[in-house]
1. Report, to the nearest whole %, how much of the accessible area of segment 112-183 belongs to carbon and sulfur atoms, 1.4 Å probe, protein only.
2. If you count only protein heavy atoms with a 1.4 Å probe, what accessible area per residue comes out for segment 73-172, rounded to a whole Å²?
3. Could you work out the local net charge near LEU65, counting Lys and Arg as +1, Asp and Glu as -1, over the other residues with Cβ closer than 11 Å to its Cβ?
4. Under a crude label model (7 Å from the Cα following the beta-carbon direction), how far is LYS229 from ASP146 in nanometres?
5. Below 11 angstrom from the Cβ of HIS150, what's the summed charge of the other residues (Lys, Arg +1; Asp, Glu -1)?
6. Between VAL288 and LYS243, take the C-beta separation as r, use R0 = 22 Å, and let me know the FRET efficiency to the nearest 0.05.
7. Exactly which GluC sites (Glu not before Pro) in segment 250-332 are in a DSSP loop and have at most 16 other Cβ atoms within 10 Å?
8. Take every Cα pair under 8 Å in segment 59-208 that's 6+ residues apart, average their separations, divide by the length, and report that relative contact order as a whole percent.
Amino acid sequence: CDPQPEAGGTTSAALVAAMTPAAAASTAPAPAVAADLPQAAMASLTEFDVQRRMCGGRVLLRVRLSCDEIAWVTEPCPLFVLAPRLAYLPFFFHEVFEHFKAFVPPLIGQSYELWFDYAGVPLRWHYPIGVLVDVLVGTEVPTPLDLTVHFRGGPAKEVLPFSGIGDLKNAVMSAIRQAVFLQHGSATPWSKLPMQQQQRLWDAIKTADLEGCCAIRRSLLCESLSRCKGLPVRVHLGGAAAKHTVLLHPAPAFQSDDAGGALVSVGGFLSSVLPPLVDERAGHFSVVEGVEVIAHGIHIPLETPLYWIALHASYLDQFVHLVVRLPSANPTPLSPTCDAGGGLGT
């Protein structure tokens, strides 16, 4: 029952190598701006091979049925799933149900209520699997990663109710619409996207087809970086002793309204979102001891231009999910300028 999967994901060293020279992640106080960068088409700034290597990771999941829900004399064999980091848990609900349905007590006149937990922490189904792993585990992901599935008693205060795959579609499509609004200052480009294209996008999301999603995403990008109102970035706070909290904060590409100004780096962005966690000295940024900045299972260099991360590390909902893992001694800090999205609908 324990297959050995192919290695998935990208190492930090490979990421840094991929960023040079394409991302121009300078060690100067602020990343330099090439003269033609602000006016360059955003689609032309994306290197798909780099994006594929960053976003193409997989996680081997070992799913076990909750011990208090086993209605059989023996424990069922766990289910192994090699899941793309880009995928969502509900896409595996049917497979999990079929595997365990013979071992759970029947419900008369009711339907089963599937939900997962990791080490006792309920998993939010409306976030990609890769985000959940980054928040709860970090970069050292065990193989396999053990999840527990439950068929009843969903934690209503921690997990959104789920009535079918239509709920996931609504959540993901709403996130895409929000991402478009943040970039353009209007959701009009999404509204003008033909329904056939929207369906093609959803079909690509269902199969974690990065290339198929990117083909449609190009029509939703701003004409140029200078026209971009903001970058769609969610900051997830997590860690061994920290509650999973989600923040939505303005994420400009440039340090000033002038598109010819210096680029905003990941470190500069986080210093405005979470000042207690980021130190700045002469324009150089570092996080306090024990704090990790992660995306797609990779430690992100703080000098990386934020626009580059937005183009190469966004998930299929068009958001960058930047995870900040806290050491167990740290409380969860919130900036007063942040929209703390720790609620169920975020």
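1. Details: 1660 of 3040 Å².
For segment 112-183, the apolar C and S fraction of the accessible surface comes to 54 percent.
2. On the way: 4610 Å² over 100 residues.
So segment 73-172 comes to 46 Å² accessible per residue, rounded to a whole number.
3. Values: positive: ARG64, LYS101; negative: ASP68, GLU69, GLU75.
Computed value for this residue: -1.
4. Those two pseudo-labels are separated by 4.8 nm.
5. Details: positive: ARG64, ARG152; negative: ASP68, GLU69, GLU113, ASP117.
Result for the local shell: -2.
6. Details: r = 19 Å, r/R0 = 0.85.
Taking R0 as 22 Å, the efficiency between VAL288 and LYS243 is 0.70.
7. Values: sites: GLU280, GLU289, GLU292, GLU303; in loops: GLU289, GLU303.
Passing sites in segment 250-332 are GLU289.
8. Working: 171 pairs, mean separation 43.2, N = 150.
Result for segment 59-208 is 29 percent.
The values are calculated or read from the model by the stated rules, or taken from the named source; none is laboratory data. Predicted, not measured: the structure shown is a model, and the values here were computed from it. Heads up, the Cβs are rebuilt from the backbone with ideal geometry, glycines too, and the neighbour counts pull from every protein chain shown. Remember, those area values only see protein heavy atoms, side chains included, never the ligands or the DNA or RNA. Shrake-Rupley method; radii C 1.70, N 1.55, O 1.52, S 1.80 Å.
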